[in-house]
1. For the stretch 1-41, which residues satisfy the criterion of being loosely packed, with under 10 Cβ neighbours inside 10 Å and over 46 Å from the mean Cα position of the chain (by Cα)?
2. What's the number of the only condition in (1) in a helix (DSSP H, G or I); (2) more than 24 Å from LYS60 (Cα to Cα) that ALA110 fails to meet?
3. Any idea which residue in the stretch 117-129 is farthest from THR152 (Cα to Cα), counting only those that are without any contact (Cβ under 8 Å) to a residue 40 or more places away in the chain and in contact with a Leu (Cβ under 8 Å, 6 or more places away or on another chain)?
4. Could you say which residue among ARG30, ARG41 is at pLDDT 95 or above and farther than 17 Å from MET145 by Cα?
5. Taking the stated definitions as given, is THR81 among the β-branched types (Val, Ile, Thr) and not in a loop (DSSP other than H, G, I, E, B)?
6. Among the residues of the stretch 47-57, which ones are over 20 Å from PHE26 (Cα atoms) and over 21 Å from the mean Cα position of the chain (by Cα)?
7. Give the residues of the stretch 93-107 that are assigned to a helix (DSSP H, G or I) and either at pLDDT below 90 or of a type in the set (Gly, Ala, Ser) (or both), sorted by residue number.
8. Starting from the stretch 78-92, take each residue that is in the same structural domain as ALA118 (by TED's automatic domain parsing) and at pLDDT 85 or above and list its partners that are in a helix (DSSP H, G or I) and of a type in the set (Gly, Ala, Ser), counting only C-beta distances under 6 angstrom and pairs at least six apart or across chains.
Amino acid sequence: MPDWKRTSAAIGAAALLSATGYAVYFDYRRRNNAEFRKQLRHKAVKQKKLAQQDAARAKKERLTSVQAFLQAELAADPISTAVSEMESTFTANVELGKAVRGPGNEMVAAAKFYKALAVYPNPADLLGIYQRTIPEAIYEYIVLMIAVLPPTNITSFINTEAAGAGAEEPLISERNVQELQEPTD
């Protein structure tokens, strides 16, 4: 056996023996030392707390980025509130949302679907349709956009439902809703 093979085998065996020895020592201390167990629990709790803080921070950053994107999108292309344009606005935004949905364009597609939702007279039904037909990532962005900046028809819908009033007559044709219900690719 060449000298370098013997040396590398000896180094590998020493490393394996060291790792095994440390594992045995660690297990012995864990089983027999109450203070060591307490330190391990404390470290585990601290790690869990840090993970929760990181998750909360990431969620807050995501909400902030969604809010900034939505405000920029609405500033660049505001939602038409004219009753005569609601159906065309709905149709155009749904078609644009369908066209741009795909990897990397989730937020853009969600903004288009959000705009369609903002002009739709019965937002609860449309949200149900979105949930069944739109990819989950886009739907999550739509829900975040609603949480950040609820459209007026959703706030009026919530207030109407709380007061027990009936639903309004839909201004959007059923044909457009059926187009939206087509299965996703």
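The values are calculated or read from the model by the stated rules, or taken from the named source; none is laboratory data. What you are looking at is a predicted structure, and each value in this text was computed from that prediction instead of being measured. As a convention, Cβ positions derive from the backbone with ideal geometry for all residues, glycine included, and neighbour counts pool all protein chains shown.
1. MET1, PRO2, ASP3, TRP4, LYS5
2. Of everything listed in (1) in a helix (DSSP H, G or I); (2) more than 24 Å from LYS60 (Cα to Cα), ALA110 misses just condition (2).
3. Looking at the filtered set, the residue picked out is LEU127.
4. Selected residue: ARG41, the only one of ARG30, ARG41 that is at pLDDT 95 or above and farther than 17 Å from MET145 by Cα.
5. Values: among the β-branched types (Val, Ile, Thr): yes; not in a loop (DSSP other than H, G, I, E, B): no.
So THR81 does not fit the description; no.
6. Quick first cut of the stretch 47-57, residues over 20 Å from PHE26 (Cα atoms) only: 48-57.
Those that are over 20 Å from PHE26 (Cα atoms) and over 21 Å from the mean Cα position of the chain (by Cα): LYS48, LYS49.
7. The first filter runs over the stretch 93-107 and keeps only residues assigned to a helix (DSSP H, G or I), leaving 93-100, 106-107.
GLY97, ALA99, listed by residue number.
8. Sorted first by the residue in the stretch 78-92, then by its partner, the pairs are ILE79/ALA118; PHE90/ALA116.
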